[in-house]
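Written out below as structure tokens is the structure these notes cover.
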Amino acid sequence: MAAASNSAAETSRAARAIFTGGLIAGAIDITYACVFSYIRRAVPPARILQSVASGALGEAAFNGGMPTAALGLLLHFLIALIWATIYYFASRKVRVLARVPYVCGVVYGLVIFALMNYAVIPLSRAPFGAPAFSSPAFNFGLLVHMLGIGLPIALATRRYSK
């Protein structure tokens with residue numbers, strides 16, 4: 001009975017860490033993307049969300065209106081939750097990830113930035129690639145991944161770890 005209770009408590013902690021970290025990171029990232037793109041080039045938020053959906057749908061995502069924007073939002077948060085899940089379960093094996101969240105979270109944000117821009121997006125159907133080095137999009141994107149994605153995921157993991 002105690003083992004089942006302990007297992008349920010661990011599952012609950014895992015779910016809270018993953019959902020808290022993933023939803024905060026996802027909200028920060030998509031807010032940044034929409035605001036930054038609108039300020040720089042007057043790109044509307046729906047177009048940013050369609051660009052996320054273009055990873056699965058290709059160019060057709062930009063002709064799909066609000067349904068593809070909604071799909072992009074769903075995919076965006078799914079990706080954020082996947083990154084949070086990876087971090088949480090890695091922290092069960094590599095305990096320093098939960099003990100030192102400020103350093104590990106920033107490093108994790110760098111890893112996410114690199115993998116998303118140089119592996120995931122190029123392998124997807126998205127009609128664009130990584131931002132040019134030293135461009136504002138590269139620099140701000142790197143900072144947002146470090147402080148707005150990796151760090152919240154690591155802090156949520158620490159908050160809900162034993």
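The values are calculated or read from the model by the stated rules, or taken from the named source; none is laboratory data. Remember, it's a predicted structure, so these values are computed and weren't measured experimentally. Please note: Cβ atoms are built from the backbone with ideal geometry, for glycine as well, and neighbour counts cover all protein chains shown.
Just a few scattered comments:
- Selection count, the stretch 140-162, where residues are among the polar types (S, T, N, Q) and modelled with pLDDT under 95: 1
- One residue stands out among those in the stretch 3-58 that are surrounded by fewer than 17 Cβ atoms within 10 Å (Cβ to Cβ), among the β-branched types (V, I, T) and under 30 Å from L97 (Cα atoms): the one that is modelled with the highest pLDDT, which is T31.
- On inspection, A90 fails the criterion of being modelled with pLDDT under 95 and surrounded by fewer than 20 Cβ atoms within 10 Å (Cβ to Cβ).
- Tally of residues being loosely packed, with under 14 Cβ neighbours inside 10 Å and not in a helix (DSSP H, G or I) across the stretch 128-147: 6
- Number of positions in the stretch 111-124 that are exposed (fewer than 14 other Cβ atoms within 10 Å of the Cβ) and under 9 Å from G150 (Cβ atoms): 0
- Conditions (1) among the hydroxyl-bearing types (S, T, Y); (2) within 22 Å of L23 (Cβ to Cβ); (3) within 16 Å of the chain's Cα centre (by Cα): number failed by S91: (3)
- The number of residues in the stretch 139-162 that are under 16 Å from the mean Cα position of the chain (by Cα) and over 16 Å from T20 (Cβ atoms) comes to 8.
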